[in-house]
1. Quick one: 3J(HN,Hα) in Hz for the stretch B:128-136, Karplus 6.51/-1.76/1.60 with θ = phi - 60°, rounded, Gly and Pro as x.
2. Long-range amide H contacts for B:Gly89: which residues qualify at under 5 Å (H placed 1.01 Å from N, peptide plane, sequence gap of 5 or more or a different chain)?
3. Given points 7 Å out from each Cα along the Cα-Cβ axis, report the B:Ser157 to B:Glu78 separation in nanometres with one decimal.
4. What FRET efficiency would be calculated for the residue pair A:Tyr60, B:Val111, taking the C-beta separation as r and a Förster radius of 51 Å, to the nearest 0.05?
5. Partner chain Cβ atoms within 10 Å, averaged over the residues of B:68-81 - can you pull that number for me?
6. B:Lys4's amide H: which non-local residues (gap 5+, or another chain) put their own amide H closer than 5 Å, with H modeled 1.01 Å from N in plane and none for Pro or chain starts?
7. Would you please give the residues with an amide H less than 5 Å from that of B:Leu202, counting only those at least 5 places away or on a separate chain, with H modeled from the backbone geometry?
8. Leaving out ligands, DNA and RNA, and with a 1.4 Å probe, what % of the accessible surface on chain B is carbon or sulfur?
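The values are calculated or read from the model by the stated rules, or taken from the named source; none is laboratory data. Since the model is a prediction, treat every value here as computed from it, not as a measurement. Cβ placement follows ideal geometry from the backbone for every residue including glycine, while neighbour counts extend to all protein chains displayed. The accessibility values were calculated without ligands, DNA or RNA, using every heavy atom of the protein model including side chains. Shrake-Rupley method; radii C 1.70, N 1.55, O 1.52, S 1.80 Å.
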Amino acid sequence: MKKKKINELTRVQNVLENDRLNVGKGFNELLANDLNKLFKDYFDFSGLPELKIDKENGVYRVVVSLNVSRVRAFNILPDEK
Amino acid sequence: MARKIVITSGKGGVGKTTVAVNLGAALADMGLRVALVDVDFGLNNVDVVMGVEKKVVYDLVDVVVGRCRLKQALVQNEKRKNLYVLPSGTENTANMVTGQNVKLVIENMNVMFDYIFIDSPAGIDVGFHRAVSCADEAIVVATPNLTSLRDADKVVSILKSYKLNSVGLVVNRARGDLMLSDKMMMPSDIQKLLKTELVGVLPEEDVVFLSSGYGLPNKSDSAKAYKLLAQNLHKNTRKIYDATGKYLGFFGSIRRNIKRSI
Ligand SMILES: Nc1ncnc2c1ncn2[C@@H]1O[C@H](COP(=O)(O)OP(=O)(O)O)[C@@H](O)[C@H]1O
Ligand SMILES: [Mg+2]
């Protein structure tokens with residue numbers, strides 16, 4: 001019986017936390033693509049930036065990682081349009 | 001100076017109006033001057049729940065557009081002379097009233113009352129904003145089920161942008177028998193989930209106690225629970241009604257069994 005209650009509580013907690021984060025299915029992909037565009041202006045790298053989102057006590061920690069082979073020189077930053 | 005408290009929930013039908021009316025009545029019984037301002041331009045309004053709908057002549061919209069004076073629109077409760085309702089008006093007049101309008105009306109009630117409760121509509125759109133922008137404090141009503149809690153959680157996060165003095169949680173329709181058999185979440189768990197301070201728990205009431213217009217039967221569990229809630233608000237105590245209390249012990253287990261079999 002106790003176990004059932006804890007499961008229910010965890011379930012509600014998860015639902016609320018997912019609501020709070022408001023992350024849809026395509027969220028990670030969208031964000032990774034956007035970050036990709038942004039970082040491409042500054043760095044040379046292959047693949048997409050990797051996203052890691054952890055939750056701890058209802059606070060989210062977003063870590064973006066990518067392996068950069070070269071930092072772009074300023075003179076090759078795109079001109080403002 | 002009146003305390004202006006908005007009663008809100010996100011989800012409809014969880015008991016905002018019921019809480020506003022009965023909490024108002026409990027505070028009135030403590031000798032305080034209470035007004036219930038209805039900003040829910042829908043059905044089952046405060047006047048109906050309090051049973052004074054036949055006495056309604058003017059409403060909030062009439063006050064706003066200047067068809068009557070504030071005192072003409074306030075409807076007095078028959079049994080409790082220090083309890084008043086300001087009815088909302090009909091749905092099609094809702095767009096004539098802005099948050100600023102209502103705020104002005106409520107400011108004018110400041111010296112006449114100790115408590116002004118603003119009963120808000122369901123949802124988190126214009127009507128919600130209109131209700132919350134008039135208040136200094138908020139009470140979020142939630143029932144112990146997932147859909148209600150999701151909406152309450154959203155409302156709690158939206159309320160953060162309103163710079164209110166306090167946001168309190170009221171858990172309505174609590175069933176002690178279900179809590180003891182782990183079929184319903186405990187109010188303390190709900191408080192943790194919503195990260196909002198619990199100011200009251202109200203039991204599920206079997207008998208129809210609403211729309212009687214005369215308030216709750218004095219010895220009922222609900223009456224006790226509302227009394228505690230009223231005291232918590234007024235004296236800043238935190239004595240929470242224990243919905244499981246009457247299901248504990250020998251007689252409690254009998255009650256629980258009876259509940260289960262009906
Ligand atoms: N504690 C309770 N026990 C039983 N019924 C309740 C309780 N609180 C509210 N209700 C019922 O739930 C319905 C919705 O309540 P209402 O106060 O109109 O909700 P809201 O204003 O949030 O839409 C009403 O029929 C009311 O009688
Ligand atoms: Mg209502």
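1. 5, 4, 4, 6, 6, 5, 8, 10, 9
2. For B:Gly89, whose amide H was placed from the backbone, the distant partners under 5 Å are B:Leu60.
3. Inter-label distance under the simple model: 4.7 nm.
4. 0.65
5. 0
6. Here the answer is B:Ile116, B:Asp136, B:Glu137, since their amide H atoms fall under 5 Å of that of B:Lys4.
7. Amide H to amide H, under 5 Å and 5 or more residues apart or across chains, B:Leu202 pairs with B:Val171, B:Asn172, B:Arg173, B:Ala174.
8. Here carbon and sulfur together make up 53 percent of the probe-accessible area.
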